[in-house]
Amino acid sequence: MSGTSSRHTPSWWFDGSPAPLWARLLTQVYAAAIALRRFIYRRGLRKQVHPGVPVLVVGNLVAGGSGKTPMTIALVERLRQAGMVPGVASRGHGRAELKTPRWVESDSNPREVGDEPLLIARRTGARVRVDVDRVAAAKALVDAGCNVVVCDDGLQHYRLARDVEIEVQDVRRRYGNGRLMPAGPLREPLERAADCAFRVLNLGQPEGTEVFKPEALDASAGPGREWPMWLEVGAVVPLAGGRGAPLSEFAGQRVHAVAGIGEPERFFVMLREFGIGVVPHAFPDHHAYVPGDFEFGSPLPVLMTEKDAVKCAGIDLPRLHSVPITAHMPDAFWSTLLARVATGK
C-alpha cells in the first residue's frame with residue numbers, strides 16, 4: 001500500500017500561518033525543559049565527557065531532514081583523505097532494541113543498526129557504532145583505532161564534549177517560523193546556532209548553485225560561518241542488480257517515487273527538476289519496507305532514495321531503483337575545517 005499520507009509536517013511551521021493554541025502552550029513547556037537542560041550543563045552540574053580525540057558533530061536545529069547524512073559521508077571521506085582514521089557515532093534512529101549498542105558492518109541488518117548508519121558504513125567503509133550513549137560510542141571508536149570521531153545528528157547530545165559543531169540547514173526552509181516545537185520546527189532556540197563553528201546550507205542539485213548568490217549568506221553569522229553545499233546525483237542503480245544509468249535517462253517518463261526520509265518532498269522536487277513525471281509516495285522516516293508497500297497499481301519504475309534502498313535488499317522486485325547522491329562543498333570549507341581540527345581552534 002502507498003505511504004503517501006503517512007507523514008505530515010505541520011503546515012504552520014513553514015507557511016506563515018499561525019500555530020494553534022495547543023501548540024503554543026506545549027512550546028512553553030518544551031522551552032522550559034530545554035532551558036533547564038542547558039543550564040545544567042553550562043553550570044557544570046552534569047559533566048561533559050571528551051574521548052580524547054577530536055570530535056566533530058553534524059546536526060541541525062530544525063526537526064526533519066536537512067542533508068546531514070550526505071554531509072557526514074562527505075566529512076568522513078575528506079578526513080580520511082587528510083590521513084586521519086575517522087569513526088562515526090550514531091544513535092541509530094528507527095532500529096529495534098535501541099538500547100543495544102552495535103557495530104555497523106556493510107552486511108548488517110538495517111532493523112538492528114538503523115538505515116542511516118548502514119548507509120554511512122557502506123558508502124565510507126569507516127567504523128560506525130550505534131549507541132544511545134554517544135559517549136560510549138565515541139570511546140568504542142577510539143578503542144577500535146579511530147583518531148577522530150564524527151557524531152551524526154548529535155547537536156542536542158550535550159554529554160559528549162565536542163571540538164567542532166556543524167549545523168546543516170535546508171536553504172529553502174531555513175528556520176521556518178523560528179519557533180520551538182511544536183509551535184515551530186526548532187529543536188533548540190535560535191541562539192543555539194551561534195555555538196556552531198560552521199553552518200552548511202543545503203542547496204540541493206547543482207542547478208541550485210546557479211541561482212545562489214554569495215549575498216544570500218547571512219553576514220551576521222560571522223566570516224566563514226556559512227557555506228553552500230550542493231548534491232550530485234550518481235548513477236541510478238537497479239536493486240536487482242545490473243548496470244546503472246544516469247537519472248537523465250528517466251526524463252519524460254512517469255515513475256513511482258518513494259521516500260521515507262525527514263523531508264520527502266525534497267526528493268520528489270529533485271526528480272521533477274530532471275524532467276521526470278513523479279507519482280509521489282512518502283513514507284514515515286526510517287520506515288521498514290515490505291513488498292506490499294510497492295503495490296502501486298501500475299508497473300512504472302520505482303525510484304527511491306539510497307537511504308530507503310538499504311532496507312529493501314530482501315525485496316525481489318525488478319522495478320526498484322536506488323538514487324544515490326554525493327555532497328560537495330567548496331575547497332575553502334574543507335581547508336578551513338581541517339585547519340580547525342588540526343589546531344583545535
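Things to note:
- Highest-first arrangement of 13-20, 256-263, where packing means the average Cβ count within 10 Å: 256-263, 13-20
- Mean ellipticity per residue at 222 nm, deg cm²/dmol - from DSSP H runs of n ≥ 4 across the chain, formula -39500 (n - 2.57): -8000 deg cm²/dmol
- Cα Rg, Dmax (largest Cα-Cα span) when computed across the stretch 77-199, Å: 15.4, 45
- Here the Kirkwood formula puts the hydrodynamic radius of the stretch 25-131 at 15.9 Å, using every distinct Cα pair.
- Here the Karplus relation 6.51 cos²θ - 1.76 cosθ + 1.60, evaluated at θ = phi - 60°, turns the backbone of the stretch 84-99 into coupling constants of 8, 10, x, x, 10, 9, 9, 6, x, 4, x, 8, 6, 6, 4, 7 Hz, with x for every Gly and Pro.
- Reciprocal of mean inverse Cα separation for the stretch 235-323 (Kirkwood radius, Å): 12.9 Å
- Kirkwood hydrodynamic radius over Cα pairs of the stretch 90-147, then Stokes diffusion coefficient at 25 °C and 0.890 mPa s, in µm²/s: 222 µm²/s
- When only the Cβ of Lys, Arg, Asp and Glu is charged (+1, +1, -1, -1), the dipole of the chain relative to its Cα centre reaches about 1240 debye.
- Label corresponding to Rg and Dmax of the Cα atoms in Å when calculated from the structure given, among [x] 21.9, 88; [y] 20.0, 60; [z] 20.1, 67: [y]
- Each peptide in 320-331, 50-61 was scored by the mean count of other Cβ atoms within 10 Å over its residues; highest first, the order is 50-61, 320-331.
- Length-normalised contact order of the chain in % [C-alpha pairs under 8 Å, at least 6 apart]: 21 percent
- Peptides 284-292, 62-70, 31-39 ranked from most to least packed by the mean count of surrounding Cβ atoms within 10 Å: 62-70, 284-292, 31-39.
- R254-L26 pseudo-label distance in nm [points 7 Å out on the Cα-to-Cβ vector]: 3.8 nm
- Counting DSSP beta bridges with both ends in the chain, the antiparallel % (nearest 5): 20 percent
- Among beta bridges that DSSP assigns inside the stretch 235-323, antiparallel share in %, nearest 5: 20 percent
- When you restrict to C-alpha pairs under 8 Å that are six or more residues apart and normalise by the size of the stretch 235-323, the relative contact order lands at 38 percent.
No lab work stands behind these numbers, since they all come straight from the coordinates. Being a predicted model, the structure only gives us computed values, none of them experimental. Glycine gets a Cβ as well: all are built from the backbone with ideal geometry, and neighbour counts include every protein chain shown.
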